[in-house]
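The values are calculated or read from the model by the stated rules, or taken from the named source; none is laboratory data. This is a predicted model, so every value here is computed, not measured. Neighbour counts are summed over all protein chains in view; Cβ atoms, including those assigned to glycine, are modelled from backbone coordinates with ideal geometry. Areas reflect the complete protein model, heavy atoms only, side chains present, ligands, DNA and RNA absent. Shrake-Rupley method; radii C 1.70, N 1.55, O 1.52, S 1.80 Å.
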Amino acid sequence: MINFSAELNPEQLAVVQNGDGPCLVLAGAGSGKTRTITYRVAYLLERGIKPENILLVTFTNKAAEEMKVRMQKLTGASHPLPWSGTFHHIGYRLLRAYAPLLGYGNNFTVLDSDDSQSLLKLCIKEVKVEPQGGKRFPSASAIHSVISYATNAERSIAEVVEERYPQWLPFIEQIGVIANDYRLRKKEANAMDFDDLLVNLLILLRQPKVQEKYATQFQYILVDEYQDTNKIQASIIRQLAAVHHNVLVVGDDAQSIYSFRAADIQNILQFEKQYPGAKIFKLETNYRSSREILDLANGVIANNRDQYQKNLKTRETGARPQLFPEMDQQAEGNFIASKIEELLKAGMPPKEIATLFRAAHHSQMLEVELVRRGIPYDYRGGVRFFERAHIKDILAYLRIMNNLADTAAWLRVLLHEEGIGPAAAQKVTQAISRLCHPERSEGSLEQSVRDSSAVPQNDSVAQIGHDILGPKAQIGWNNFLAIWEKLLAAVVRSPTALIDALTQSAYRDYLDSEFIDSRERLADIKQLALFAERYDDLEQFLADTTLQESFSLINKEEDAEPKEKIVLSTIHQAKGLEWSAVFVMNLASGSFPSDRALKEDNGLEEERRLFYVAITRAKRQLFLTYPMAGGAYGDFLSGPSMFLNEIDPALIDDHSILMNTTVLNDTTADVEYISEDQPLKIRPGSFLRDMDDL
């Protein structure tokens, strides 16, 4: 027998002992929600509820496994719950039994992402879409993302394209045709993708006999991370809870940050309307962070209007969060790296230090500085900056500008183009090689070195593709030439000027057609251009970026003997994790909250929730930083995030450079930088006026 009163705090105990009927458990950050759920299951089992009459639904496989391990330790049973897992897992089990009711065989196939894209490519081929207005048709991967979002958000394809991907409006009719063809082909192949597992489960549960069977069987339903559910998942739970109404959902509306995956915060905010008479429990005792960090978190989230009010509390005290403005992104990276070195020297384990950011491209300057100082790091939420595919693409174009004989770079840029496969690309590279080395033989090494520096005329390069490629590959070759000519037309051949030329070339159309996150990838490339500003010489720039990439490869080889590393992570990927010391960087206007989010319905409130999540990852020390220039507005002054302006000054130690500012009269220039050891001079009101101009 478990002594629940001794092992749970009063808030948790109330949920465990009084969780009958519809219940909403608002579990604040670090409040022990997983512990509460597992003890609730144990409590039900002790009361004689049979394991098969309990349904526990989690949001991820990792969470499902964690629950399983905890329940095994708590109950001593090797298989305490036969019905526990993700929504997709539960859907798969039920559909295996009842697929014929929906016109499928019981042996239906589940398509993974690659399978789905292969099927979509066949659908696209049938439509035979031509480019319109100079824009390419979206890739199979992009269309799959559109269909998936529309399905989970219960929106039409047309609505999703109009609201989220207006660059594809010229193709909206064809995308609709392809989506319908994709649905039919899946059915003909007796196959379902991951989204179908949810959609078809809901259709199945709307059949009276099936619903009656399982709604009767599941006397108690528990759902974890309810704030991350979409409309379909919420409807599935309502169907399964229709008989006993014992549905207990656990979540935190203040941590609802996945609307881009079609998660709907209204599921948790409207719970009382969906389940009249629902009980509301609050878990507000935090076991993670110091009181000072929680006071800041409470103050930040209090600015959201559409929420359940909570007030996280703890007995632990510590240092106040600190705010450090820096001159630009490079200075910000230097500052964070220096602080990390201080923490490491003071004995803090590397795994207890993390730097979080709103978007992946925000970390680039910090990554460069960490590499320079030899500080190993793990990157969460994607891949390291210089390993990203689009960054490698840009560098490949620059490499052939610097060295026309670079075969590997040629292969990379050509294989992006329509109609150019490996065989055609190899023909081009061989011809380029002959052009660069017309007299190459088995001569001396010195002769080979002299030959490699030869650069043929650019019209000779253009002619190569026309001479050796077939009609289909000519389309891709002409598109490459459009990009190539844009590079050649750059007035200045500096790395930054060449990168800027690429962002205005047909390569940008490639990004828009190929990737659902093309805007984020373009932001990465603009960040690369900012980094390149410190170089006048293209060859030196390419050498240094190669060293950055090589450093990560060396680290991977050294990982045969794993070392503790600090963590760099997007805030989205950091949810659910915690560290002793946390840096939240690039809290600049236009960057966090992002300009894009501000244009979306309820976007500002979700961005504030994202900031709240970042703050509540910190256990003992929290550092907030932002660049005063070089953020979202390039070389212009960007200033602090509006979220920083909302903070009560009493809750934070502000190390602002503006504390040392000399205010000038109206006849003086707006901004005057004198020297490194003298203060910045700013005229009153100039900052706000400049921002309005932007």
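Here residue 313 fulfils each of the conditions (1) farther than 26 Å from residue 629 by Cα; (2) out of contact with any strand residue (DSSP E or B) (no Cβ under 9 Å at 6 or more places or on another chain) apart from (2).
Within segment 183-199, residues that are outside any helix (DSSP H, G or I) reach partners that are modelled with pLDDT of 95 or more with beta carbons closer than 7 Å, at six or more positions or on different chains, in the pairs 192/200. Just one of the numbered conditions (1) in contact with a helix residue (DSSP H, G or I) (Cβ under 9 Å, 6 or more places away or on another chain); (2) over 18 Å from residue 286 (Cα atoms); (3) at pLDDT 95 or above is not true of residue 51: (3).
Picking from residues in segment 177-194 that are more than 20 Å from residue 91 (Cα to Cα) and open to solvent by 30 Å² or more (accessible area, probe 1.4 Å), the one that is farthest from the chain's Cα centre (by Cα) is 188. Scanning segment 248-292 for residues that are over 25 Å from the mean Cα position of the chain (by Cα), not in a strand (DSSP E or B) and not acidic (Asp, Glu) gives 270, 271, 273, 274, 275, 276, 277, 278, 286, 287, 290, 291. Looking at segment 195-225, which of its residues are open to solvent by less than 20 Å² (accessible area, probe 1.4 Å), farther than 22 Å from residue 265 by Cβ and either at pLDDT below 95 or hydrophobic (A, V, I, L, M, F, W, C) (or both)? Across segment 195-225, the qualifying residues are 197, 201, 204, 205, 210, 215, 218. Determine which single condition residue 337 fails, assuming it passes every other condition in (1) in contact with a helix residue (DSSP H, G or I) (Cβ under 6 Å, 6 or more places away or on another chain); (2) free of Cβ contacts under 8 Å to residues at least 40 places away in the same chain; (3) open to solvent by 50 Å² or more (accessible area, probe 1.4 Å); (4) not β-branched (Val, Ile, Thr). Condition (3) is where residue 337 drops out. Please work out if residue 304 is over 20 Å from residue 36 (Cα atoms), free of Cβ contacts under 8 Å to residues at least 40 places away in the same chain and in contact with a Leu (Cβ under 9 Å, 6 or more places away or on another chain). Answer is no for this residue.
Selection of first residues in segment 130-148 that are part of a helix (DSSP H, G or I) and open to solvent by 20 Å² or more (accessible area, probe 1.4 Å) and of second residues that are modelled with pLDDT of 90 or more and charged (D, E, K, R), restricted to Cβ pairs under 7 Å at least 6 apart or on distinct chains, gives the following pairs, ordered by first then second residue: 148/195.
Hey, does segment 261-271 have a residue that's open to solvent by 30 Å² or more (accessible area, probe 1.4 Å), among the aliphatic types (A, V, I, L, M) and without any contact (Cβ under 8 Å) to a residue 40 or more places away in the chain? No, the conditions are met nowhere in segment 261-271. Of all positions in segment 293-300, at least one carries a residue that is over 27 Å from the mean Cα position of the chain (by Cα) and open to solvent by 40 Å² or more (accessible area, probe 1.4 Å). Taking every residue in segment 313-330 that is among the small types (Gly, Ala, Ser) and open to solvent by less than 80 Å² (accessible area, probe 1.4 Å) and pairing it with any residue that is modelled with pLDDT of 90 or more and assigned to a strand (DSSP E or B), at least 6 positions away or on another chain, the pairs with Cβ-Cβ distances below 7 Å are 318/620; 319/621. The requirement of being open to solvent by 50 Å² or more (accessible area, probe 1.4 Å) and over 30 Å from residue 184 (Cβ atoms) is satisfied by residue 6. Checked across segment 429-450, the condition of being under 40 Å from the mean Cα position of the chain (by Cα), within 30 Å of residue 529 (Cα to Cα), open to solvent by less than 40 Å² (accessible area, probe 1.4 Å) and at pLDDT below 80 holds for no residue. Taken over segment 275-287, residues that are in contact with a helix residue (DSSP H, G or I) (Cβ under 8 Å, 6 or more places away or on another chain) and surrounded by fewer than 16 Cβ atoms within 10 Å (Cβ to Cβ) amount to 1. Beta carbons closer than 7 Å, at least 6 apart along the sequence or on distinct chains, pair a first residue in segment 502-521 that is open to solvent by less than 20 Å² (accessible area, probe 1.4 Å) with a second that is of a type in the set (Ser, Thr, Tyr) for 502/397; 511/518; 513/139.
Residues that are open to solvent by less than 40 Å² (accessible area, probe 1.4 Å) and of a type outside the set (Ser, Thr, Tyr) within segment 388-400 comprise 388, 390, 391, 393, 394, 395, 396, 398, 400, listed in sequence order.
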